[in-house]
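The values are calculated or read from the model by the stated rules, or taken from the named source; none is laboratory data. The structure presented is a predicted model; accordingly, all values stated were derived computationally and were not measured. Reconstructed Cβ throughout: ideal geometry from the backbone, glycine too, with neighbour counts over all protein chains shown.
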Amino acid sequence: MPEMPEVEAVCRRLRGQLVGLRIRSARVLRCADKALEQAVIRRTVTAVDRRGKHILIRLSGGITVHVHLRMSGNLFMIPDHRLSGASARIIVALAGGTGLVLEDPRALARAEAVGTRLINGEMEKLGPEPLSPVFTPDWLLEKARGCRQPAKLFLMDQTKVAGLGNIYAAEALFQARINPRKPMQTLARMRVERLYSAIVGILKDAVQSAYLAYSGPGDFQEAESFPLAVYGRQGEPCHACGATIRRLMQGGRSTYYCPGCQK
Ligand SMILES: [Zn+2]
């Protein structure tokens with residue numbers, strides 16, 4: 001599933017290519033209501049924003065196209081809007097003949113055209129961006145206080161921190177040497193500060209690596225060229241201590257951790 005770094009990579013690339021272009025027409029095959037076709041026609045793209053894992057394509061006239069890539073979606077430009085691939089679900093024809101395509105083999109991604117003010121209000125429910133100045137060690141400490149959530153589920157909770165998903169949450173906990181089952185409220189100040197540094201460090205690196213790895217159409221892998229210490233390494237030895245990496249289920253998702261390093 002694309003997490004914040006992958007979504008940020010998608011947005012960065014789109015920003016350079018899409019902003020300023022006028023929409024000629026849109027064709028919805030799946031992943032959105034047909035109403036999107038009329039809502040976006042003849043509008044100009046004014047910005048491409050991101051909040052957590054949400055992509056917000058701002059259009060003239062107070063409309064935003066809100067896209068969530070979910071498990072396997074991808075959003076990219078093609079040189080000719082008539083030449084989209086088999087798993088294209090939404091095709092937007094732009095002035096000049098280029099196209100914006102929402103591609104998703106599993107068709108789980110979602111897009112909607114909504115009022116900009118309405119969607120901005122919705123986005124306020126999300127926690128702060130982990131790479132924004134709002135997200136600080138003190139902020140994390142404040143949220144951890146009295147919070148019984150296990151550390152991994154806390155990090156996955158989009159109302160706490162926006163954009164962290166299964167992979168980078170597991171990697172941040174490994175780097176901070178925190179057991180994923182540990183309730184947040186039991187973590188000492190120093191450990192919360194360590195977690196803060198791990199989250200920020202990993203996401204900065206991951207944004208950079210996702211941006212380099214993301215090459216437009218197809219083959220979009222999360223953490224494609226990001227060195228993973230625990231995620232997906234169940235049964236393999238930990239690079240730090242040699243203990244065997246374990247997998248457990250939390251909130252219906254797999255969590256990977258090192259029993260030797262993470263207490
Ligand atoms: Zn270890």
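Taken across region 26-41, residues that are within 19 Å of GLU103 (Cβ to Cβ) and free of Cβ contacts under 8 Å to residues at least 24 places away in the same chain do occur, with at least one present.
For first residues located in region 146-158 and within 21 Å of HIS68 (Cβ to Cβ), partners that are surrounded by fewer than 17 Cβ atoms within 10 Å (Cβ to Cβ) and modelled with pLDDT under 95 and lie 6+ apart or on another chain with Cβ distances below 7 Å form the pairs LEU153/GLY251; MET156/GLY251. Restricting attention to region 102-113, the residues being surrounded by fewer than 21 Cβ atoms within 10 Å (Cβ to Cβ) and outside any loop (DSSP other than H, G, I, E, B) number 2. Condition check for ILE90 on (1) touching a Leu at 6+ places or on another chain (Cβ under 7 Å); (2) in a strand (DSSP E or B); (3) within 30 Å of LYS204 (Cα to Cα): one failure, at (3).
So that you can scan it fast, the table gives a plain yes or no per residue for (1) closer than 30 Å to LEU14 by Cα; (2) among the basic types (Lys, Arg); (3) away from the ligand (no atom under 16 Å from the Cβ); (4) at pLDDT below 95:
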position: THR186; (1), (2), (3), (4): no, no, yes, no
position: LEU195; (1), (2), (3), (4): no, no, yes, no
position: VAL200; (1), (2), (3), (4): yes, no, yes, no
position: ASP205; (1), (2), (3), (4): yes, no, yes, yes
position: TYR211; (1), (2), (3), (4): yes, no, yes, yes
position: PRO217; (1), (2), (3), (4): yes, no, yes, yes
position: TYR231; (1), (2), (3), (4): yes, no, no, no
position: MET249; (1), (2), (3), (4): no, no, yes, no
